[in-house]
1. Is it the case, given these coordinates, that Ser242 is at pLDDT 95 or above, within 20 Å of the chain's Cα centre (by Cα) and outside any helix (DSSP H, G or I)?
2. Take the conditions buried (at least 22 other Cβ atoms within 10 Å of the Cβ) and under 19 Å from Asp217 (Cα atoms) and apply them to Ile129. Does it pass?
3. Val340 versus (1) surrounded by 22 or more Cβ atoms within 10 Å (Cβ to Cβ); (2) in contact with a Phe, Trp or Tyr (Cβ under 8 Å, 6 or more places away or on another chain): which is the lone unmet condition?
4. Limited to segment 294-339, what total is found for residues that are touching a residue at least 40 places away in the same chain (Cβ under 8 Å) and in a strand (DSSP E or B)?
5. Scan segment 299-329 residue by residue and report those that are within 22 Å of Asn268 (Cβ to Cβ) and open to solvent by 50 Å² or more (accessible area, probe 1.4 Å).
6. Mind listing whichever residues of segment 101-119 are open to solvent by 10 Å² or more (accessible area, probe 1.4 Å) and either assigned to a strand (DSSP E or B) or among the basic types (Lys, Arg) (or both)?
7. Name the pairs whose Cβ atoms lie under 8 Å apart, with the first residue in segment 186-207 and assigned to a loop (DSSP other than H, G, I, E, B), the second among the acidic types (Asp, Glu), and 6 or more positions between them or separate chains?
8. Just to be sure I understand, how many residues within segment 239-259 are open to solvent by less than 40 Å² (accessible area, probe 1.4 Å) and touching a Lys or Arg at 6+ places or on another chain (Cβ under 6 Å)?
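The values are calculated or read from the model by the stated rules, or taken from the named source; none is laboratory data. All figures in this text were calculated on a predicted structure; none of them were measured in a lab. Heads up, the Cβs are rebuilt from the backbone with ideal geometry, glycines too, and the neighbour counts pull from every protein chain shown. SASA here: full protein model, heavy atoms, side chains in, ligands and nucleic acids out. Shrake-Rupley method; radii C 1.70, N 1.55, O 1.52, S 1.80 Å.
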Amino acid sequence: MFILHSVYKPSPQPSFFQFSMAGKTIASSFFYVCFFMHYVVAILDPVDFLSLQSIRKDLEDMPGSNFFSSWDFTAEPCTFSGVYCDSDKVIALNLGDPRAGSPGLTGRLSPAIGNLSSLAEFTVVPGRIYGALPRSLAYLKNLRFLGVNRNFISGEIPAGLGDLRHLRTIDLSYNQLTGSIPPSVGALPELINLMLCHNRLSGWVPRFESQTLTRLDLKHNTLSGSMAPDSLPSSLRYLSLSWNKLSGPMDRLLNRMDRLNFLDLSLNQFTGPIPGRIFSFPLTNLQLERNQFSGSVEPVDEVSIPTVDLSYNRLSGKISPMLASVQNLYLNSNRFTGRVPASFVNRLLDSSIQILYLQHNYLTGIEISPTAVIPERSSLCLQYNCMVPPVDTPCPLRSGFQKTRPTAQCNQWRG
């Protein structure tokens, strides 16, 4: 919408004009000529103006927050905190004070948000926003960034988000969302980041089509079922599926994920082998604990991942010396057998290994002197194996108090 303003300016000098009509000369007296200079000033589109009013009506500052103090609708809304405009349209709406420790907002998200037709970014700071996500979000065809995390949003994820073909980031983490992840969200072609962790989502993990997806965080939900080998793109760099009820083998899927920097599949029911190739990925953290992975662990080369946790699985065979280069290694509560390679002892004594947990296996020996001094910043636990620990070292309380595994169990396992 535009307003035309006319500015009256007199001419600096008088002018004399002669007009000839029917052969006669008509003399005019001096007069001022008015020049009109027109200029255009843009104000907010009335639909966007009314939408902001509706949004404001449904939200309030929590005690200690003054975010809405600038939202005076007698002034230009494009100057409001968190409102960003291009010409006469709102293109970004960031609700709440983004500074750390801000109390945030309370109330509901108005369906009027869907009327902000040029909106490309919509975020809400952590607070006490409750109720469902407006289904009208599906009308925001230009939306690229959606962030409503750490609130009390409930209900299901609107399937209509899958119609927003330019969405690149969705962060709905730390809410109370239920239902399944819509397959339409998995089909978004330009999706880069999807954070849905710490909700109450259930059902299967959909297939993700985007070849630019780099971050997928679905931890702390109740997702179930198995995952097809081609269900995730190889572009992923961060993958967290921990604290769910997912099951089935993962070796064929993981073999394709050679760009991963972070992988956490812990606290699920995954089965089958752990591919040796995964230990060569550029990972900083590998967490596969508390699953049902089985078979031997055979890295193809010396492992450079700082932290590897394979505890509480059904892994067996001998411990590979290729794992001796890991700083924090958790192999406890498995079915490993044989002697611990000497390379582990050397790196433990020179403080290269900080944590080496081998308790609750079927190990039969380790080449370490009973008088060896374990560095203060290193931790070794050997109890409840098929040997008497040659050194007395403190172990986690949950390891129990039995130093060795009963002979009958050791003989049965060997058999």
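1. Details: at pLDDT 95 or above: yes; within 20 Å of the chain's Cα centre (by Cα): yes; outside any helix (DSSP H, G or I): yes.
Spelling it out, Ser242 is indeed at pLDDT 95 or above, within 20 Å of the chain's Cα centre (by Cα) and outside any helix (DSSP H, G or I).
2. Numbers: buried (at least 22 other Cβ atoms within 10 Å of the Cβ): yes; under 19 Å from Asp217 (Cα atoms): no.
No.
3. (2)
4. Number of matching residues: 5.
5. Tyr312, Arg314
6. Thr106, Arg108 - these are the residues of segment 101-119 that are open to solvent by 10 Å² or more (accessible area, probe 1.4 Å) and either assigned to a strand (DSSP E or B) or among the basic types (Lys, Arg) (or both).
7. Ala187/Glu209; Leu188/Glu209; Pro189/Glu209; Leu196/Asp217; Cys197/Asp217; Arg207/Asp230
8. Of the residues in segment 239-259, 2 are open to solvent by less than 40 Å² (accessible area, probe 1.4 Å) and touching a Lys or Arg at 6+ places or on another chain (Cβ under 6 Å).
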